[in-house]
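Here is the structure we will look at, set down as structure tokens.
The values are calculated or read from the model by the stated rules, or taken from the named source; none is laboratory data. Small disclaimer: the values here were computed from a predicted structure and weren't measured. Neighbour counts are summed over all protein chains in view; Cβ atoms, including those assigned to glycine, are modelled from backbone coordinates with ideal geometry.
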Amino acid sequence: MPPTAVSVRVATVDDAERAGAVHFACWVETYSGLASREFWDRVSVERSVATWRRLLTDGLDATVAEVDGEVVGVAVAGDSGERGGHLPVRDRELSNLYVLQAHHGTGVGQALLDAVLPSGTSAQLWAARDNPRALRFYERNGFAPDGAADDGAAFGGIASVRLVR
């Protein structure tokens, strides 16, 4: 697909509803078939919106991508933390990067990644082990698996691998 005219900007509290809805829609698109039934029983678009409202009110440094004035992707990078018993190996971590499936391959994901972790920035992230599209995207951006893995027990059984650059 040809590149899309995308606008990337810092999210505000006014974006909570749209960002939460996009985040949840991306979970459905990405994790259907990967996540446990219990995961789907406890998540909803309403909970996602409420979480985004709380986080943005509390000062979360999040970024949204818009196409034609509509939020189509979200990204968050910040300080790294421990996960599944694995201590961080980089100071920065990409904790969220989600783009609606209809906008895959249009440059939206790249614009978001470049906004929150400019090319060459040393960082880490966790990606679903069974999401080859995401793994290829991150590898094209200089990330590589470092051998750390998480069984996904805390995230609906979605096993993940850590990527670093």
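From the list S95, S7, pick out the single residue that is in contact with an Asp or Glu (Cβ under 6 Å, 6 or more places away or on another chain) and in contact (Cβ under 8 Å) with a residue 24 or more places away in the chain.
Details: S95 fails: in contact with an Asp or Glu (Cβ under 6 Å, 6 or more places away or on another chain).
Among S95, S7, only S7 is in contact with an Asp or Glu (Cβ under 6 Å, 6 or more places away or on another chain) and in contact (Cβ under 8 Å) with a residue 24 or more places away in the chain.
Taking the condition of being farther than 20 Å from G105 by Cβ, among the charged types (D, E, K, R) and not in a strand (DSSP E or B), how many residues in the stretch 122-165 meet it?
Residues meeting the conditions: 3.
Please identify the pairs in which a residue from the stretch 16-44 that is free of Cβ contacts under 8 Å to residues at least 60 places away in the same chain has its Cβ atom under 6 Å from the Cβ atom of a residue that is among the polar types (S, T, N, Q) and assigned to a helix (DSSP H, G or I), counting only partners at least 6 apart or on another chain.
Taking only residues 6 or more apart or on different chains, the pairs are G20/S48; F24/S48.
Give, as residue ranges, the helices (runs of 4 or more DSSP H) completely inside the stretch 1-95 that count at least 2 residues that are at pLDDT 95 or above and buried (at least 19 other Cβ atoms within 10 Å of the Cβ).
Values: elements: 16-31, 37-42, 45-57.
Output list reads 16-31, 45-57.
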